[in-house]
Amino acid sequence: MRILGIDYGDARVGVAVSDPLGITAQGIGTIKNKGRKFLLSELEKILKQYMPEKIVIGLPKNMDGSEGFRAEETYKFADDLKAVYSGKIDFADERLTTVEASVFLNATNTRGKKRKNVIDTVSACLILEGYISSSK
């Protein structure tokens, strides 16, 4: 059972996918968010290629666990995603995934432009890995 992981952001959207057994996560890449129509078109290509049974979107919560403006935007994105995907969409708490991704990229000495291009993909992997681990 493949699962697609998404780290949704205003500027960039990180995408990861599980292996066919739903055990591990691998980064697919980062899509520049050039508007909803463009983003959905790019995601539709990925969906056709990997045919996931489920999508997990990182839900940005405040540190106290409450949901704010960013969470509302994420829910709107998920509703729009239903135009190109009819499967199950779930959400995973993404608090601190960007911090974890930064720690990982520091450890691998990834800097500058390359870092900016991969941090969202790494975050999507972390969201997906966390979701897979909590589902076992």
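Details
- Counting only aspartates and glutamates at least 8 places from Lys82 when in the same chain, those with an alpha carbon closer than 17 Å to its own are Asp7, Glu42, Glu44, Glu53, Glu72, Glu73, Asp90.
- Multiplying the residue separation of Arg70 and Leu21 by 0.36 nm and subtracting their alpha-carbon distance yields 14.5 nm.
- Peptide packing: for 10-17, 125-132, the average count of neighbouring Cβ atoms within 10 Å per residue gives the ranking 125-132, 10-17, highest mean first.
- Fraction of accessible area attributable to carbon and sulfur, region 37-90 (%, probe 1.4 Å): 50
- When each of Lys32/Lys61; Lys34/Lys54; Lys48/Lys76; Lys32/Lys88; Lys34/Lys76; Lys61/Lys88 is checked by Cα-Cα distance, pairs over 18 Å: Lys32/Lys61; Lys34/Lys54; Lys48/Lys76; Lys32/Lys88; Lys61/Lys88
- FRET efficiency for the pair Gln49 and Asp10, taken as 1/(1 + (r/R0)^6) with r the Cβ-Cβ distance and R0 = 35 Å, rounds to 0.90.
The values are calculated or read from the model by the stated rules, or taken from the named source; none is laboratory data. The shown structure was predicted, so the numbers you read here are calculated from the model rather than taken from an experiment. Cβ sites come from the backbone with ideal geometry, for glycine too, and all protein chains shown count toward neighbours. Areas reflect the complete protein model, heavy atoms only, side chains present, ligands, DNA and RNA absent. Shrake-Rupley method; radii C 1.70, N 1.55, O 1.52, S 1.80 Å.
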